[in-house]
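Sharing a structure with you now.
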Amino acid sequence: MISVEKALETLFQLVQLMSTQVVPLRYAHKRVLAENAVAPRDQPTFSSSAMDGYAISDMDAGPGAMFDVIGEAAAGHHFSGSIELGQAVRIFTGAPLPSGAKRIIIQEEVMCKAKQITLGKKITQSEFIRPAGGDFSKGFKIKANCRLNPSDIALLASMNVAEVTVFKKPVVALISTGDELVMPGENPKRDQIIASNTFGLAALLEDHGANAKILPIARDTHLSLKSVFDLTHDADLIVTIGGASVGDHDLVAEVAMKHGFKQSFYKVAMRPGKPLMAGHFNNTPLVGLPGNPVSAMVCGHIFLVPMLHAMLGLGQAARETMRAPLAHGVEANGGRKHYCRAILRPDGLHIAERQDSSLLSILAGANALVIRELNAPPARSGELVEYLPI
Ligand code: AMP
Ligand code: MG
């Protein structure tokens, strides 16, 4: 049995960085940039008004000063003349600053009568000008190896970058194994259950940038497992679920090995998730997850997500954890790293009483996995502990 850390290190050695593709900006959300995106222009390219008001050239004008309004500038419609002393141009937010303009007087501080304005009693001492290049200058970069969020997409659009080079989404083939499994929506017989793991894992992996493919359920026979393995040729990562223990019907490793699987490890000192295995299936990394639904999901969080991140150029690191106080005391931990389903509330972390690895309702109600190290001593209420937000 190896440690979680050693298992993760080995998994990183199994995966490869994805190749790249160019996508239109509209499809770039949540993708990982593979090349720097560079601004070909300043933003804004021209100085403009930050408010609706009047542009004047006189920096010192105070209350009561009067100006002739000689024209108008609006967003998309510049004023082509020039402003002299004693003159003003009616201006709207986003309009290019007219030549000669030094400041904007906001309209609330001005009285206007027959093409003449008089400044009010109180004038805000701000120019209300957005200077050219005030947001960013030509050559500004969004650096490669970051996952694009909605703000990045807006920024890229304002840079006039219409397409970006990103890492291809890793294709992850998800294989449920078991004679007892049927698909959601089917009518299960007395001794059958619904295959839930592939659906949960597909959602988790897609959240982290994968293109997840749920393959047909493999039955607990050599022939069935082999025929589903035959459908994995386009996968960048193969994930099997179940059939990885030592029961008479746990055939995944045996069948995989017969067809080119080279195992790197089997069994990890963790709870839930001990019977985890991994290696190369021909040239494709393969992870064999335990079948218990919570084990499969926890292993997805702890191992598959970091593997995806590595494949997408986001670095080789365990998931980032946080710390929060316990809302109650917990007992000492045993010889396996424990990922306890818990709820983080304002008063701290509440660890669920029932931690059986088959209880999806507990997992779904949790928003944190409290991480208890091997042989950790008891912890008191209020003690800061490590957790993974989920
Ligand atoms: P196994 O590792 O195949 O012995 O499976 C352990 C437990 O997980 C058994 O109770 C299985 O019925 C259950 N299980 C296996 N695969 C799935 C799946 N895809 N969805 C839900 N439960 C599963
Ligand atoms: Mg099974």
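Read the figures in this text as sums done on the coordinates, not as results from a lab. Bear in mind the structure is a predicted one, so any value in this text is a computation, not a measurement. Cβ: placed from backbone, ideal geometry, glycine included. Neighbour counts: every protein chain shown.
Between Gln13 and Leu85, what is the label-to-label distance in nm when each label sits 7 Å out along the Cα-to-Cβ direction?
With each label point 7 Å from Cα toward Cβ, the separation is 8.0 nm.
Still on this structure, please answer the following. Applying the Karplus parametrisation 6.51 cos²θ - 1.76 cosθ + 1.60 with θ = phi - 60° to the phi angles of the range 161-174, what ³J(HN,Hα) value in whole Hz is obtained for each residue in order, glycine and proline being reported as x?
Once θ is set to phi - 60°, the couplings for the range 161-174 become 9, 8, 8, 9, 8, 10, 6, 4, 5, x, 7, 10, 8, 10 Hz.
If I model a spin label as a point 7 Å beyond the Cα along the Cα-Cβ vector, how far apart are those points for Asn145 and Met1 in nm?
My value for the distance between the label points is 3.5 nm.
To continue, here is another question. At 37 °C and 0.692 mPa s, what whole-number value in µm²/s does Stokes-Einstein give for the translational diffusion of the range 322-389, with Rh from the Kirkwood sum over Cα pairs?
277 µm²/s
Given the Cα-Cα distance of Arg354 and Leu384 and 0.36 nm per residue of separation, how much length would full extension add, in nm?
Extra length from Arg354 to Leu384 when fully extended: 8.6 nm.
Separate question: So which trypsin sites (Lys or Arg not before Pro) in the range 315-375 pass both tests, a DSSP loop state and at most 11 other Cβ atoms within 10 Å of the Cβ?
On the way: sites: Arg319, Arg323, Arg336, Lys337, Arg341, Arg354, Arg372; in loops: Arg319, Arg336, Arg354.
Taking the range 315-375 and a limit of 11 other Cβ atoms within 10 Å, the loop trypsin sites (Lys or Arg not before Pro) found are Arg354.
Which aspartates and glutamates, if any, have their Cα less than 15 Å from the Cα of Lys141, not counting same-chain residues under 8 positions apart?
Correct list for Lys141: Glu35, Asp42, Asp152, Glu163.
Between Asn160 and Asn187, what FRET efficiency comes out of the Förster formula 1/(1 + (r/R0)^6) with R0 = 51 Å and r the beta carbon distance, rounded to 0.05?
E(calc), rounded to 0.05, equals 0.40.
What FRET efficiency do you get for Glu320 and Glu127 if R0 is 41 Å and r is their Cβ-Cβ distance, rounded to the nearest 0.05?
The computed FRET efficiency comes out at 0.45.
Which of Lys6/Lys267; Lys30/Lys169; Lys168/Lys226 have a Cα-Cα distance over 19 Å?
Working: Lys6/Lys267 11 Å; Lys30/Lys169 10 Å; Lys168/Lys226 28 Å.
In this structure, Lys168/Lys226 lie more than 19 Å apart at Cα.
Any idea how far apart Ser361 and Leu374 come out in nm if each label point goes 7 Å out from Cα toward Cβ?
Modelled inter-label distance: 3.6 nm.
Moving on. With a sphere of radius 9 Å drawn around the Cβ of Pro275, what net charge do the other residues whose Cβ falls strictly inside it have (Lys, Arg +1; Asp, Glu -1)?
With Lys, Arg at +1 and Asp, Glu at -1, the net is +1.
Once the principal axes of the Cα atoms of the range 269-348 are found, what is the range along each, listed largest first in whole angstroms?
Cα extents, longest axis first: 49, 27, 21 Å.
Work from the charge dipole of the chain (Cβ charges, +1 for Lys and Arg, -1 for Asp and Glu, about the Cα centre) and give the residue of Ser361, Leu231, Pro188 farthest towards its positive end.
Going by the charge dipole, the pick is Leu231.
Report the dimensions of the chain along its three principal axes from the alpha-carbon atoms, largest first, rounded to Å.
95, 50, 41 Å, listed from the longest principal axis down.
Given 5 Å bins starting at zero, what is the percent of C-alpha pairs of the range 48-130 in each, up to the one with the largest pair distance?
Answer for the range 48-130: a P(r) of 3, 18, 32, 28, 15, 3, 0 percent.
Which one of His338, His208, His328 has the biggest mean-square fluctuation once the chain is modelled by GNM with Cα springs under 10 Å?
His328
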